[in-house]
Amino acid sequence: MGAICLKLQDGPWSDGVTWLLTGLTLVLGALGGYSLRFRFTTVDDQGITTGTWCRVRRLPRDGIHDIRTAAVAEIAPGPRTLTYAYRSDGWRVLLKCVDDEELPALALEVAMLRSLLRERRPADWAPDLRAEPHIARQTAREDRTDRFFGWMTGWGRLVVIFALAVLFVAGIVVYETLFDGS
């Protein structure tokens with residue numbers, strides 16, 4: 001779209017470059033739209049499968065430690081609650097399309113997934129002791145990041161803008177002092 005606008009305004013590029021950028025923009029938009037059909041999460045007797053257009057992940061039932069939801073910081077539009085399947089070693093896998101935007105009754109859906117997981121695990125299944133400490137560390141890291149971005153979206157943003165304005169004015173004063181019209 002930017003290339004089309006530049007072309008309409010007689011931009012600095014030749015026709016070939018403008019059409020190339022326009023074509024690339026349209027191809028990337030088409031790829032983005034095409035990839036949406038590959039976002040999925042399915043549950044079957046063997047486990048959970050989740051995928052995107054470039055990767056499919058298969059999680060066997062005995063390899064899943066837990067299924068949990070996590071709140072998302074209110075930085076950008078989108079879902080506010082995401083669902084993750086935590087593997088036996090504590091690493092998490094995002095369950096695509098299992099969020100509060102796609103499913104109005106997310107808590108009920110997650111409760112059903114957890115009960116299915118408990119029912120279908122092998123009788124001799126035991127949780128890996130490494131999982132919970134890893135999950136706790138990961139949650140603490142995310143909480144710190146969310147607090148920082150929460151600060152940046154509130155009063156912190158005003159402090160940063162004020163500091164940048166002061167630096168800009170100071171730069172003008174220094175420039176006027178050093179280059180006093182000479």
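Throughout, read-outs are computed from the coordinates displayed, never taken from laboratory work. Note that the structure is a prediction, hence the values are computed from the model and not measured. Cβ: placed from backbone, ideal geometry, glycine included. Neighbour counts: every protein chain shown.
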- Message: Which of 110, 169, 43 ends up with the largest GNM mean-square fluctuation for the chain, with Cα atoms connected below 10 Å?
- Response: 169
- Task: Go through the stretch 171-177 residue by residue and turn each phi into a ³J(HN,Hα) via Karplus (6.51, -1.76, 1.60, θ = phi - 60°); whole Hz please, and just put x for glycine and proline.
- Result: x, 5, 4, 5, 4, 5, 5
- Within the chain, which is the longest segment containing none of the chymotrypsin sites (Phe, Trp or Tyr not before Pro) that sit in a DSSP loop and have at most 16 other Cβ atoms within 10 Å? 126-178
- What trypsin sites (Lys or Arg not before Pro) does the stretch 111-144 have in DSSP loop regions with at most 15 other beta carbons within 10 Å? 130
- Quote the relative contact order of the chain in percent (integer), defining contacts as alpha-carbon pairs under 8 Å separated by 6+ residues. 14
- Query: So what is the 222 nm mean residue ellipticity for the chain from helices alone, if each DSSP H run of at least 4 adds -39500 (n - 2.57) and you divide by all residues, rounding to the nearest 500 deg cm²/dmol?
  - Reply: -16500 deg cm²/dmol
- Item | On Cα atoms only, tilt of 131-153 relative to the major axis of the chain in degrees | 30
- Can you tell me the Rg and the Dmax, both Å, for the Cα atoms in the chain? 25.1, 86
